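Asks: Got a structure here, written out as structure tokens. Questions coming.
The values are calculated or read from the model by the stated rules, or taken from the named source; none is laboratory data. Bear in mind the structure is a predicted one, so any value in this text is a computation, not a measurement. FYI the Cβ positions are ideal-geometry reconstructions off the backbone, even for glycines, and counts take in every protein chain you see. In case anyone asks, the SASA skips ligands and DNA or RNA and just uses the protein heavy atoms, side chains included. Shrake-Rupley method; radii C 1.70, N 1.55, O 1.52, S 1.80 Å.
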Amino acid sequence: SVIKALCYYFTGDPRFTKFMDEKKVPFNWDLEKGICLLGNVGCGKTTIMEIFNLNKRQCFTTIPCMTIAENFAKCKGQDMDAHDVVNLFAKNKQNSAFDLKYFLQAETGWCYDDLGTEDVKKNFGNEVDVMASIIQKRYSMKLPFNTTHITTNLSAGEIEEYYGTRVLSRMKEMFN
């Protein structure tokens, strides 16, 4: 059922919005929101999202949250500073106007993989929760929510515990 729902979603099929659970209760999903796949370790969340990353509706690049946090921590006045890393991953990725790989889409979104595996990182002594910053920045930039996706092993309660009520509230608004 997850694959079927994602096929509807990534083709823009309105049947996605009418999807129901096993008790025939509608999920009230929205094609304008992104996807947040929650589940146990090793159940295939990353693989599933990578299957859909090149699609005609809205392509995206999958990147581990741990990699983003490590890039943030490594910036020490080199080509970009730490806040440039946050900005880089908070904005959609710009593509060549003639790039057939992305179906001529001028920009692609992100799938932040394994939210919750990254630690709070320091850069020049400043502690920053990089993924919380990125999520909040994407929200405040008013980017189309369907350009942002997340995989995580965390439950909603654990997301609130790790990132706070504000981030959980933003995520409920941004993701199916």
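Asks: Please report, in whole Å, how far the alpha carbons of region 1-102 spread along each principal axis, starting with the longest.
Replies: Extents along the principal axes: 54, 37, 21 Å.
Asks: Follow-up question, since we're still on this one. Near LYS45, which aspartates and glutamates are there with a Cα under 14 Å away, not counting those fewer than 8 places off in the same chain?
Replies: Excluding near neighbours in sequence, the set is ASP113, ASP114.
Asks: Take every DSSP beta bridge whose two residues both sit in the chain, then give the antiparallel share in percent to the nearest 5.
Replies: Bridges in the chain are about 30 percent antiparallel.
Asks: Can you give me the % of accessible surface on the chain that is carbon or sulfur? Probe 1.4 Å, all protein chains present, nothing else counted.
Replies: Looking at the chain in its full context, I get 53 percent from C and S.
Asks: What share of Cα pairs, in percent, lie more than 16 angstrom apart in region 1-59?
Replies: Taking all Cα-Cα pairs of region 1-59, the fraction more than 16 Å apart is 44 percent.
Asks: Longest exposed-loop-site-free stretch of the chain, with trypsin sites (Lys or Arg not before Pro), DSSP loop and at most 10 other Cβ within 10 Å?
Replies: The reported range is 77-141.
Asks: Which of the helices in the chain, when you take each full DSSP H run, stretch at least 27 Å along the axis at their Cα atoms and have an average Kyte-Doolittle score of 0.5 or higher?
Replies: Within the chain not a single helix satisfies the rule.
Asks: Please identify every one of the GluC sites (Glu not before Pro) in region 1-63 that sits in a loop by DSSP and has no more than 12 other beta carbons within 10 Å of its own beta carbon.
Replies: Counting only loop positions with at most 12 other Cβ atoms within 10 Å, the GluC sites (Glu not before Pro) in region 1-63 are GLU22, GLU32.
Asks: Also: Cα atoms only, the chain: Rg and Dmax in Å?
Replies: 16.4, 55
Asks: Right, here's the next one. Only sites in a loop by DSSP and with at most 15 other Cβ atoms within 10 Å count here; which chymotrypsin sites (Phe, Trp or Tyr not before Pro) in region 1-80 make the cut?
Replies: Counting only loop positions with at most 15 other Cβ atoms within 10 Å, the chymotrypsin sites (Phe, Trp or Tyr not before Pro) in region 1-80 are PHE27.
Asks: Could I ask something else about it? Hey, in the GNM for the chain with a 10 angstrom Cα cutoff, which one of ASN153, ASN28, ASN71 fluctuates hardest?
Replies: Top of the fluctuation ranking is ASN28.
Asks: Write down the accessible area per residue of the chain in Å², having rolled a 1.4 Å probe over the full set of protein chains.
Replies: I get 55 Å² per residue for the chain.
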